[in-house]
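Heads up: the structure comes next, in structure tokens.
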Amino acid sequence: MKLVSYKTEDKEHLGIYANGHIYNLNSCDKLIPDQMNAFLEGGEPLMERAKKINQDILDGKLSPKEEVFYELLAPVPHPTSCRDGYAFRQHVAAARRNRKVDMIAEFDQYPIFYFTNHNAIQGPGEIECMPDHFQKLDFELEVAVVIGKKGRNIKAAEADEYIAGYTIMNDMSARTLQMEEMLLNLGPAKGKDFSTVIGPWLVTPDELEQFKVAAKENHVGNNYNLKMTCKVNGIEVSSGNMADMDWTFAEIIERCAYGVDILPGDVIGSGTVGTGCFLELNGTGLLNDPNYKVQWLQAGDHVEMEIAGLGALSNTIKKVDTDFSILALKK
């Protein structure tokens, strides 16, 4: 099942995407709330009701009116929190190699994550960026999960049961801001908090069964053979696979939930897939060729991420018309 959030006449709604159309769930079953957060808080009973409606539509047993005029939002427009992991060893190793530092041994000892701005989550459409953001503006190609039930001190062996669904994530990054503030050994903060994009829908785990593969050796949890690509202005710049995750989402959730509650509506990203950002691509290019032409996102660029089974997430970069700069405020 593919769950969506969308807006009509400035009101947010919850729907399912089936047969190429969006259908409002609340109009099919009044016991299902019309917003994603309330739906997720309702847990498995509401999820099962929604799955039955979805299957009835697919089987032709139910023919509700499809939505025609709508704005597609992030599938979870108001997450309770947003964390981002660091699961792909290929990306970490390449980034460190490009900085001429050794691979860090701690990567293989435990998964890590950082908190980002859950109020800056957005879906398909325009990404508004300030002038300073264009100082090495970057995408990051990732997968994300959304938590479907409350838990604490969850072991990795049971953690997949807490996942309501999967979606594409673009962890937008302003690299100049990021690198400056991280010199102080804190962050990332302003380099990340302006936009994190997820979408186009939330895919429930049952839809991905056909793609399931074993986790890496000595790791625990579900993993999936899902091809991941990113195109900028129609040109493919990144290609990877979710199966390359070294740390599974189950293991990341185990760490997230240690001594603290995870909640329905929490978003957790995988971290960047190998080759999944310009920072890595530029570094590798310059390492191999000093004359390599680096690339960063520019105003007007169209970014499209596609992950097998999860759909395609499209955004256009827009520059805010202002001369306000926090880089200019440095003492």
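Quick rundown of the values:
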| item | result |
| --- | --- |
| Residue 93 outside the structural domain of residue 155 (by TED's automatic domain parsing) and surrounded by 15 or more Cβ atoms within 10 Å (Cβ to Cβ) | no |
| Enumeration of residues in segment 226-246 that are part of a loop (DSSP other than H, G, I, E, B), in contact with a strand residue (DSSP E or B) (Cβ under 7 Å, 6 or more places away or on another chain) and either crowded, with 16+ Cβ neighbours inside 10 Å or aliphatic (A, V, I, L, M) (or both) | 226, 245 |
| Check on residue 192, part of a loop (DSSP other than H, G, I, E, B), under 30 Å from residue 42 (Cβ atoms) and of a type outside the set (S, T, N, Q) | no |
| Residue ID - nearest to residue 90 (Cα to Cα), chosen from residues in segment 123-156 that are assigned to a strand (DSSP E or B) and in contact with a Pro (Cβ under 8 Å, 6 or more places away or on another chain) | 146 |
| Odd one out for residue 197 among (1) in contact with a Gly (Cβ under 8 Å, 6 or more places away or on another chain); (2) over 25 Å from residue 137 (Cα atoms); (3) of a type outside the set (Lys, Arg) | (2) |
| Selected residue (only one of 95, 50, 87 is closer than 30 Å to residue 283 by Cα and outside any loop (DSSP other than H, G, I, E, B)) | 95 |
| Residue satisfying condition, being touching a Lys or Arg at 6+ places or on another chain (Cβ under 9 Å), among the aliphatic types (A, V, I, L, M) and under 30 Å from residue 250 (Cβ atoms), within set 58, 25, 14 | 25 |
| Residues that are buried (at least 18 other Cβ atoms within 10 Å of the Cβ), out of contact with any Asp or Glu (no Cβ under 7 Å at 6 or more places or on another chain) and farther than 14 Å from residue 168 by Cα, drawn from segment 210-225 | 215, 223 |
| Verdict on residue 176 being at pLDDT 95 or above, within 30 Å of residue 324 (Cβ to Cβ) and either within 21 Å of the chain's Cα centre (by Cα) or part of a helix (DSSP H, G or I) (or both) | yes |
| Residue pairs meeting the criteria (Cβ under 8 Å; at least 6 apart or on separate chains; first closer than 23 Å to residue 121 by Cβ, in segment 289-315; second among the acidic types (Asp, Glu) and outside any strand (DSSP E or B)) | 309/207 |
| Residue within segment 258-267 that is farther than 13 Å from residue 90 by Cβ, assigned by TED's automatic domain parsing to the domain that holds residue 141 and of a type in the set (Ser, Thr, Tyr) present | yes |
| Test: residue in segment 195-209 that is in a loop (DSSP other than H, G, I, E, B), surrounded by fewer than 17 Cβ atoms within 10 Å (Cβ to Cβ) and assigned by TED's automatic domain parsing to the domain that holds residue 296 | no |
| Some residue of segment 263-272 being among the polar types (S, T, N, Q), under 24 Å from residue 75 (Cβ atoms) and surrounded by 23 or more Cβ atoms within 10 Å (Cβ to Cβ) | yes |
| Leading residue by the ranking (surrounded by the fewest Cβ atoms within 10 Å (Cβ to Cβ)) among those in segment 28-45 that are charged (D, E, K, R) and farther than 18 Å from residue 65 by Cα | 44 |
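The values are calculated or read from the model by the stated rules, or taken from the named source; none is laboratory data. This structure is a prediction, so every number in the text was calculated from the model and none was measured. A quick note on method: Cβ atoms are made from the backbone with ideal geometry, for glycine too, and the neighbour counts reach across all protein chains shown.
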